[in-house]
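Taking it in order: structure first as structure tokens, then the write-up.
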Amino acid sequence: MYDSYTETSLRYDPDRCVNCRRCTQVCPHAVFAEGPDRVELARPAACMECGACALNCPVQAITVQSGVGCAWAMIAAALRGKDMDTECSCGGDDGSCCG
Ligand code: SF4
Ligand code: SF4
């Protein structure tokens, strides 16, 4: 079964987290949720690698390689007026976005 958490670059280190909850506020897909002691990865498969959580985390508890993959390709294609297949680097088998 496809597991996007293992396929995406999102990484969360709970030992660093100071529970400021910024990531729960900025994530457009509710990937993070409040937990009993600190935030938890509630919906890791929903991450689109936008990078907002990592940018707003004050203690670098989150890393994600934004600017690659499908989410960025959609933005780049729209901004440049190009076809998404020419922008995405996700490596679809036939060269098209996501195979
Ligand atoms: S990279 Fe974007 S979509 Fe993924 S968890 Fe962070 S804020 Fe949410
Ligand atoms: S932004 Fe960073 S420190 Fe704040 S709750 Fe999220 S992971 Fe923890």
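For this structure, a couple of remarks:
- Zone residues, the stretch 6-36, relative to Val59, backbone N less than 12 Å from point 7 Å out along Cα-to-Cβ: 13-22
- The residues packed around Thr63, meaning those with a beta-carbon under 13 Å from its beta-carbon, carry a net charge of 0 if Lys and Arg are +1 and Asp and Glu are -1.
- For the stretch 4-63, the relative contact order works out to 43 percent when only alpha carbon pairs closer than 8 Å and six or more residues apart are counted.
- FRET efficiency for the pair Ala42 and Leu79, taken as 1/(1 + (r/R0)^6) with r the Cβ-Cβ distance and R0 = 25 Å, rounds to 0.25.
Read-outs: derived from the displayed coordinates by stated rules, not from any lab. Note that the structure is a prediction, hence the values are computed from the model and not measured. All Cβ positions, glycine included, derive from the backbone under ideal geometry; neighbour counts span all protein chains shown.
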